[in-house]
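One structure is given here, and the rest of the page talks about it.
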Amino acid sequence: MADSPNKEDIKGTVLHLEKMALFDGKGMRTVVFLKGCPLRCQWCSTPESQKLAPQLGYDADKCTGCQDCVTICPKEAIRPTDDGQKVKTDPDRCDHCFECVTVCPENARKRYGREMSCRQLMEEIEKDDVFYFHSGGGVTISGGEPLIQVDYVKAVLSGCRERGIHTAIETSGHVPWENFEAVLPLIDAILIDIKVHDSGRHRELTGHGNARIMSNIERIDRSGFPIDLYIRIPLVPGINDSEANLLATARYCKGLKKFKELHILPYHRMGVASYRFLDMKYPLEKIESPNIEMIEAKVARLKQEGIEVKIGG
Ligand code: SF4
Ligand code: SF4
(Lines give C-alpha, C1' and ligand atoms only; values in the text may rest on other atoms or scores of the structure.)
(Ligands and ions follow the chains in the order given, each with its own letter.)
Protein backbone atom coordinates (compact mmCIF):
# COMPACT_ATOMS: atom_id res chain seq x y z
CA MET A 1 0.00 0.00 0.00
CA ALA A 2 1.33 3.48 -0.91
CA ASP A 3 2.35 5.73 1.99
CA SER A 4 -0.04 8.62 2.64
CA PRO A 5 1.64 11.94 1.73
CA ASN A 6 3.45 13.96 4.37
CA LYS A 7 1.02 16.69 5.38
CA GLU A 8 3.60 19.37 4.59
CA ASP A 9 3.62 18.18 0.96
CA ILE A 10 -0.16 18.57 0.48
CA LYS A 11 -0.86 21.24 -2.12
CA GLY A 12 -3.70 23.73 -2.33
CA THR A 13 -4.80 26.43 -4.75
CA VAL A 14 -4.19 29.79 -3.08
CA LEU A 15 -5.67 33.02 -4.46
CA HIS A 16 -3.55 35.34 -2.34
CA LEU A 17 -2.26 36.09 1.15
CA GLU A 18 -3.09 39.20 3.12
CA LYS A 19 -0.39 39.93 5.68
CA MET A 20 -0.81 42.09 8.80
CA ALA A 21 -4.57 42.09 8.33
CA LEU A 22 -6.68 43.68 11.06
CA PHE A 23 -9.88 41.90 9.98
CA ASP A 24 -11.26 38.36 9.82
CA GLY A 25 -10.40 37.57 13.42
CA LYS A 26 -8.73 39.12 16.45
CA GLY A 27 -5.30 40.80 16.49
CA MET A 28 -2.93 41.00 13.55
CA ARG A 29 -3.45 38.14 11.11
CA THR A 30 -2.30 36.44 7.98
CA VAL A 31 -5.44 35.78 5.94
CA VAL A 32 -5.06 32.97 3.43
CA PHE A 33 -7.58 33.23 0.59
CA LEU A 34 -8.17 29.92 -1.17
CA LYS A 35 -9.83 29.40 -4.53
CA GLY A 36 -13.11 27.61 -5.18
CA CYS A 37 -16.63 28.23 -3.85
CA PRO A 38 -19.93 26.31 -4.19
CA LEU A 39 -22.07 29.49 -3.91
CA ARG A 40 -22.63 32.18 -6.53
CA CYS A 41 -23.69 35.17 -4.43
CA GLN A 42 -24.97 37.98 -6.62
CA TRP A 43 -22.91 40.53 -4.65
CA CYS A 44 -19.68 38.46 -4.71
CA SER A 45 -16.73 40.87 -4.57
CA THR A 46 -14.14 38.26 -5.50
CA PRO A 47 -15.34 36.46 -8.64
CA GLU A 48 -11.75 35.31 -9.10
CA SER A 49 -12.23 33.09 -6.03
CA GLN A 50 -15.23 31.17 -7.42
CA LYS A 51 -13.43 28.61 -9.61
CA LEU A 52 -11.00 26.21 -8.00
CA ALA A 53 -8.46 26.25 -10.84
CA PRO A 54 -6.04 29.14 -11.46
CA GLN A 55 -7.39 31.69 -13.96
CA LEU A 56 -6.08 34.28 -16.39
CA GLY A 57 -7.44 37.85 -16.36
CA TYR A 58 -7.11 40.48 -19.10
CA ASP A 59 -7.63 44.23 -18.86
CA ALA A 60 -8.35 45.54 -22.36
CA ASP A 61 -8.16 49.14 -21.09
CA LYS A 62 -4.48 48.70 -20.22
CA CYS A 63 -3.52 46.67 -23.29
CA THR A 64 -1.61 48.62 -25.95
CA GLY A 65 -1.61 45.78 -28.49
CA CYS A 66 2.18 45.34 -28.37
CA GLN A 67 1.73 41.58 -28.97
CA ASP A 68 4.54 40.48 -26.64
CA CYS A 69 2.07 38.01 -25.17
CA VAL A 70 1.20 36.67 -28.64
CA THR A 71 4.87 35.94 -29.28
CA ILE A 72 5.56 34.23 -25.95
CA CYS A 73 2.46 32.04 -25.69
CA PRO A 74 3.60 28.41 -26.23
CA LYS A 75 0.05 27.30 -27.03
CA GLU A 76 -0.72 29.93 -29.67
CA ALA A 77 -3.74 30.81 -27.57
CA ILE A 78 -3.45 34.59 -28.03
CA ARG A 79 -4.22 36.42 -31.27
CA PRO A 80 -4.43 40.11 -32.18
CA THR A 81 -7.92 41.53 -32.68
CA ASP A 82 -8.87 42.37 -36.27
CA ASP A 83 -7.85 46.02 -35.84
CA GLY A 84 -4.54 45.01 -34.18
CA GLN A 85 -5.22 47.28 -31.20
CA LYS A 86 -5.88 44.57 -28.59
CA VAL A 87 -5.60 40.78 -28.20
CA LYS A 88 -7.98 37.87 -27.67
CA THR A 89 -7.25 34.65 -25.77
CA ASP A 90 -8.73 31.27 -26.64
CA PRO A 91 -9.48 29.66 -23.25
CA ASP A 92 -9.60 26.19 -24.82
CA ARG A 93 -5.96 26.48 -25.89
CA CYS A 94 -4.61 28.18 -22.75
CA ASP A 95 -2.92 25.81 -20.29
CA HIS A 96 -2.35 28.47 -17.60
CA CYS A 97 1.41 28.61 -17.82
CA PHE A 98 1.12 32.40 -17.17
CA GLU A 99 4.16 33.27 -19.29
CA CYS A 100 2.09 36.00 -20.94
CA VAL A 101 1.54 37.62 -17.53
CA THR A 102 5.27 37.76 -16.97
CA VAL A 103 6.05 39.51 -20.28
CA CYS A 104 3.18 42.00 -20.50
CA PRO A 105 4.77 45.47 -20.09
CA GLU A 106 1.43 47.10 -19.17
CA ASN A 107 0.30 44.64 -16.47
CA ALA A 108 -2.76 44.04 -18.61
CA ARG A 109 -2.68 40.31 -17.91
CA LYS A 110 -3.31 38.98 -14.44
CA ARG A 111 -2.83 35.66 -12.74
CA TYR A 112 -5.48 34.52 -10.28
CA GLY A 113 -4.33 31.65 -8.09
CA ARG A 114 -1.28 29.46 -7.65
CA GLU A 115 -0.50 26.07 -6.21
CA MET A 116 1.31 26.18 -2.86
CA SER A 117 2.36 23.29 -0.68
CA CYS A 118 1.51 23.38 3.00
CA ARG A 119 5.25 23.69 3.66
CA GLN A 120 5.54 26.81 1.45
CA LEU A 121 2.50 28.37 3.08
CA MET A 122 3.75 27.65 6.60
CA GLU A 123 7.06 29.35 5.73
CA GLU A 124 5.08 32.49 4.84
CA ILE A 125 2.91 32.24 7.93
CA GLU A 126 5.89 31.79 10.26
CA LYS A 127 7.51 35.04 9.05
CA ASP A 128 4.92 37.02 11.03
CA ASP A 129 5.02 34.91 14.17
CA VAL A 130 6.18 37.83 16.31
CA PHE A 131 3.19 39.95 15.23
CA TYR A 132 0.72 37.20 16.10
CA PHE A 133 2.35 36.87 19.51
CA HIS A 134 2.27 40.58 20.39
CA SER A 135 -1.18 41.36 18.94
CA GLY A 136 -3.01 38.19 19.98
CA GLY A 137 -3.59 37.46 16.31
CA GLY A 138 -2.94 34.45 14.12
CA VAL A 139 -4.05 32.87 10.87
CA THR A 140 -7.45 32.97 9.17
CA ILE A 141 -8.16 30.68 6.26
CA SER A 142 -10.73 32.22 3.96
CA GLY A 143 -11.91 31.93 0.37
CA GLY A 144 -13.80 31.28 -1.77
CA GLU A 145 -14.89 28.44 0.44
CA PRO A 146 -11.79 27.07 2.20
CA LEU A 147 -13.34 23.77 3.26
CA ILE A 148 -13.62 22.65 -0.35
CA GLN A 149 -9.86 22.01 0.00
CA VAL A 150 -10.32 20.33 3.34
CA ASP A 151 -7.18 18.17 3.36
CA TYR A 152 -5.03 21.22 2.66
CA VAL A 153 -6.82 23.33 5.26
CA LYS A 154 -6.44 20.57 7.82
CA ALA A 155 -2.71 20.33 7.14
CA VAL A 156 -2.23 24.10 7.47
CA LEU A 157 -4.32 24.37 10.62
CA SER A 158 -2.41 21.48 12.09
CA GLY A 159 0.87 23.27 11.29
CA CYS A 160 -0.44 26.39 13.04
CA ARG A 161 -1.50 24.41 16.08
CA GLU A 162 1.96 22.82 16.36
CA ARG A 163 3.45 26.33 16.40
CA GLY A 164 0.94 27.73 18.90
CA ILE A 165 -0.67 30.10 16.35
CA HIS A 166 -4.32 31.11 16.83
CA THR A 167 -6.51 29.69 14.05
CA ALA A 168 -9.74 30.82 12.42
CA ILE A 169 -11.67 29.92 9.29
CA GLU A 170 -14.01 32.15 7.35
CA THR A 171 -16.55 29.88 5.68
CA SER A 172 -19.79 29.99 3.73
CA GLY A 173 -20.82 26.91 5.69
CA HIS A 174 -22.09 25.28 2.50
CA VAL A 175 -20.00 22.08 2.68
CA PRO A 176 -20.72 18.56 3.97
CA TRP A 177 -20.60 18.23 7.76
CA GLU A 178 -17.68 15.79 7.40
CA ASN A 179 -15.51 18.66 6.14
CA PHE A 180 -16.17 20.58 9.34
CA GLU A 181 -15.62 17.49 11.50
CA ALA A 182 -12.16 17.08 9.97
CA VAL A 183 -10.99 20.51 11.14
CA LEU A 184 -13.01 21.41 14.26
CA PRO A 185 -10.36 20.12 16.70
CA LEU A 186 -7.84 22.49 15.08
CA ILE A 187 -9.90 25.71 15.10
CA ASP A 188 -10.17 28.50 17.67
CA ALA A 189 -12.74 30.65 15.85
CA ILE A 190 -15.22 30.27 12.99
CA LEU A 191 -16.62 33.20 11.01
CA ILE A 192 -19.68 32.05 9.07
CA ASP A 193 -22.25 33.90 6.99
CA ILE A 194 -26.00 33.76 7.22
CA LYS A 195 -26.43 35.78 4.08
CA VAL A 196 -30.23 35.61 4.05
CA HIS A 197 -32.37 33.97 6.72
CA ASP A 198 -35.11 32.69 4.42
CA SER A 199 -33.85 29.59 2.59
CA GLY A 200 -35.87 30.20 -0.59
CA ARG A 201 -34.54 33.73 -0.90
CA HIS A 202 -31.05 32.43 -0.09
CA ARG A 203 -31.38 30.06 -3.03
CA GLU A 204 -32.46 32.88 -5.37
CA LEU A 205 -29.49 35.02 -4.38
CA THR A 206 -26.70 32.45 -4.00
CA GLY A 207 -27.78 29.40 -6.00
CA HIS A 208 -28.40 27.25 -2.88
CA GLY A 209 -30.79 27.22 0.07
CA ASN A 210 -29.34 27.67 3.56
CA ALA A 211 -30.52 24.45 5.25
CA ARG A 212 -27.05 22.87 5.14
CA ILE A 213 -25.45 26.06 6.49
CA MET A 214 -27.88 26.32 9.41
CA SER A 215 -27.48 22.61 10.19
CA ASN A 216 -23.69 22.99 10.22
CA ILE A 217 -23.87 26.03 12.52
CA GLU A 218 -26.04 24.12 14.97
CA ARG A 219 -23.75 21.08 14.92
CA ILE A 220 -20.71 23.28 15.52
CA ASP A 221 -22.58 24.88 18.41
CA ARG A 222 -23.36 21.47 19.94
CA SER A 223 -19.82 20.17 19.45
CA GLY A 224 -17.54 19.80 22.45
CA PHE A 225 -14.84 22.04 20.99
CA PRO A 226 -14.17 25.46 22.57
CA ILE A 227 -14.74 27.46 19.38
CA ASP A 228 -15.74 31.13 19.19
CA LEU A 229 -18.55 31.54 16.69
CA TYR A 230 -18.97 34.78 14.74
CA ILE A 231 -22.02 35.14 12.49
CA ARG A 232 -21.80 37.54 9.56
CA ILE A 233 -24.31 39.25 7.29
CA PRO A 234 -23.10 40.91 4.08
CA LEU A 235 -25.43 43.93 4.05
CA VAL A 236 -26.67 44.58 0.50
CA PRO A 237 -29.13 47.48 0.07
CA GLY A 238 -32.51 46.38 -1.24
CA ILE A 239 -31.41 42.75 -1.28
CA ASN A 240 -31.12 41.48 2.32
CA ASP A 241 -31.25 44.62 4.48
CA SER A 242 -34.89 44.42 5.60
CA GLU A 243 -35.47 44.65 9.34
CA ALA A 244 -37.31 41.31 9.25
CA ASN A 245 -34.31 39.53 7.72
CA LEU A 246 -31.73 41.11 10.04
CA LEU A 247 -33.80 40.51 13.17
CA ALA A 248 -34.42 36.88 12.24
CA THR A 249 -30.66 36.27 12.16
CA ALA A 250 -30.00 38.31 15.33
CA ARG A 251 -32.60 36.27 17.25
CA TYR A 252 -31.18 33.03 15.86
CA CYS A 253 -27.72 34.04 17.13
CA LYS A 254 -29.09 34.51 20.66
CA GLY A 255 -29.88 30.79 20.80
CA LEU A 256 -26.28 29.71 20.01
CA LYS A 257 -24.08 28.89 23.01
CA LYS A 258 -20.79 29.57 21.23
CA PHE A 259 -21.97 32.83 19.61
CA LYS A 260 -19.68 35.84 20.22
CA GLU A 261 -20.56 38.65 17.78
CA LEU A 262 -22.71 39.46 14.78
CA HIS A 263 -20.69 41.17 12.07
CA ILE A 264 -22.38 43.44 9.56
CA LEU A 265 -20.29 43.57 6.38
CA PRO A 266 -21.39 46.52 4.22
CA TYR A 267 -21.69 45.77 0.51
CA HIS A 268 -19.01 47.39 -1.66
CA ARG A 269 -18.20 47.47 -5.35
CA MET A 270 -14.45 46.90 -5.17
CA GLY A 271 -14.70 43.64 -7.11
CA VAL A 272 -16.29 45.15 -10.21
CA ALA A 273 -12.97 45.35 -12.10
CA SER A 274 -12.35 41.64 -11.55
CA TYR A 275 -15.59 40.82 -13.36
CA ARG A 276 -14.33 42.82 -16.33
CA PHE A 277 -10.87 41.16 -16.26
CA LEU A 278 -12.52 37.73 -16.24
CA ASP A 279 -15.12 38.67 -18.86
CA MET A 280 -17.94 37.92 -16.40
CA LYS A 281 -21.20 39.80 -16.05
CA TYR A 282 -21.66 41.67 -12.75
CA PRO A 283 -25.16 40.79 -11.48
CA LEU A 284 -25.72 43.87 -9.24
CA GLU A 285 -24.88 46.60 -11.73
CA LYS A 286 -27.32 49.10 -10.22
CA ILE A 287 -26.76 48.59 -6.47
CA GLU A 288 -24.75 51.25 -4.62
CA SER A 289 -22.88 50.81 -1.31
CA PRO A 290 -24.98 51.60 1.80
CA ASN A 291 -24.29 54.90 3.58
CA ILE A 292 -22.87 54.89 7.10
CA GLU A 293 -25.98 56.44 8.72
CA MET A 294 -28.13 53.63 7.36
CA ILE A 295 -25.67 50.98 8.57
CA GLU A 296 -25.41 52.51 12.03
CA ALA A 297 -29.20 52.66 12.35
CA LYS A 298 -29.44 48.95 11.49
CA VAL A 299 -26.70 48.08 13.96
CA ALA A 300 -28.37 50.11 16.74
CA ARG A 301 -31.63 48.22 16.15
CA LEU A 302 -29.88 44.86 16.25
CA LYS A 303 -28.08 45.73 19.49
CA GLN A 304 -31.51 46.19 21.10
CA GLU A 305 -31.77 42.40 20.86
CA GLY A 306 -29.05 42.18 23.50
CA ILE A 307 -26.25 40.79 21.35
CA GLU A 308 -22.80 42.09 20.37
CA VAL A 309 -22.96 43.63 16.88
CA LYS A 310 -20.04 45.12 14.98
CA ILE A 311 -19.62 46.81 11.60
CA GLY A 312 -16.96 44.92 9.64
CA GLY A 313 -15.12 42.02 11.12
S1 SF4 B 1 -1.31 31.52 -19.70
FE2 SF4 B 1 0.23 30.54 -21.04
S3 SF4 B 1 -1.01 29.32 -22.46
FE4 SF4 B 1 -2.41 30.76 -21.48
S5 SF4 B 1 -2.52 32.49 -22.86
FE6 SF4 B 1 -0.90 32.94 -21.36
S7 SF4 B 1 1.01 32.23 -22.29
FE8 SF4 B 1 -0.70 31.32 -23.42
S1 SF4 C 1 1.61 41.94 -23.77
FE2 SF4 C 1 0.08 43.07 -22.60
S3 SF4 C 1 -0.06 45.07 -23.59
FE4 SF4 C 1 1.01 43.71 -25.02
S5 SF4 C 1 -0.68 42.90 -26.30
FE6 SF4 C 1 -0.39 41.43 -24.64
S7 SF4 C 1 -1.89 42.06 -23.10
FE8 SF4 C 1 -1.64 43.78 -24.52
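The values are calculated or read from the model by the stated rules, or taken from the named source; none is laboratory data. Quantities reported herein were computed from a predicted structural model and do not represent experimental measurements. Every residue, glycine among them, receives a Cβ derived from its backbone with ideal geometry; neighbour counts consider all protein chains shown. Side chains included, ligands, DNA and RNA excluded: accessible areas come from the protein's heavy atoms. Shrake-Rupley method; radii C 1.70, N 1.55, O 1.52, S 1.80 Å.
Our coupling estimate for segment 11-24, obtained by passing each phi through the Karplus curve with A = 6.51, B = -1.76, C = 1.60 and θ = phi - 60°, is 10, x, 9, 9, 7, 6, 10, 10, 8, 6, 6, 10, 9, 6 Hz, Gly and Pro reported as x.
Residue 225 to residue 82: FRET efficiency via 1/(1 + (r/R0)^6), r the Cβ-Cβ distance, R0 41 Å, to the nearest 0.05?
Here the calculated transfer efficiency is 0.10.
Residues whose amide H lies under 5 Å from that of residue 239, counting only those 5 or more places away or on a different chain, are absent; hydrogens are built 1.01 Å from N in the peptide plane. The phi torsions of segment 173-188, fed into the Karplus equation with coefficients 6.51, -1.76 and 1.60 and a -60° offset, translate into couplings of x, 8, 9, x, 4, 4, 5, 5, 3, 5, 10, 3, x, 10, 10, 8 Hz, rounded to whole numbers, with Gly and Pro shown as x. Its convex hull of Cα atoms gives segment 173-238 a direction-averaged projected area, equal to a quarter of the hull surface, of 4.5 nm².
Straight-line cross-link partners of residue 286 among the lysines, defined as a Cα under 24 Å from its Cα and at least 8 positions apart when in the same chain: 195, 298. Annotation: amide H of residue 88 within the under-5 Å range of 79, 81, sequence separation 5 or more or interchain, hydrogens built in the peptide plane. Of all DSSP beta bridges confined to the chain, the antiparallel ones make up roughly 35%. Straight Cα distances below 19 angstrom link residue 86 to the lysines 62, 75, 110, with same-chain residues fewer than 8 positions distant left out. Once the Cα atoms are used to define both axes, helix 292-303 deviates from the longest principal axis of the chain by about 40 degrees.
Of the heavy-atom accessible surface of segment 55-112 (probe 1.4 angstrom), what whole percent is carbon and sulfur? Write out the running numbers ahead of the final one.
On the way: 1540 of 3590 Å².
Answer for segment 55-112 is 43 percent, counting heavy atoms of protein chains only.
Between segment 278-313 and segment 56-135, what is the C-alpha centre distance in whole Å? About 33 Å separates the Cα centre of segment 278-313 from the one of segment 56-135. With the biggest extent put first, the Cα atoms of the chain measure 62, 53, 40 Å across the principal axes. Over the chain, accessible surface divided per residue gives 48 Å², non-protein components excluded, 1.4 Å probe.
Put simply, the amide H of residue 232, placed in the peptide plane, has neighbours under 5 Å in 192, 193, 194, 263, leaving out anything fewer than 5 places away on its chain.
To the nearest 10 degrees, how steep is helix 243-254 against the longest Cα principal axis of the chain, on a 0 to 90 scale? It works out to around 60 degrees.
Projected over every direction and averaged, the convex hull enclosing the alpha-carbon atoms of segment 55-112 yields 3.4 nm².
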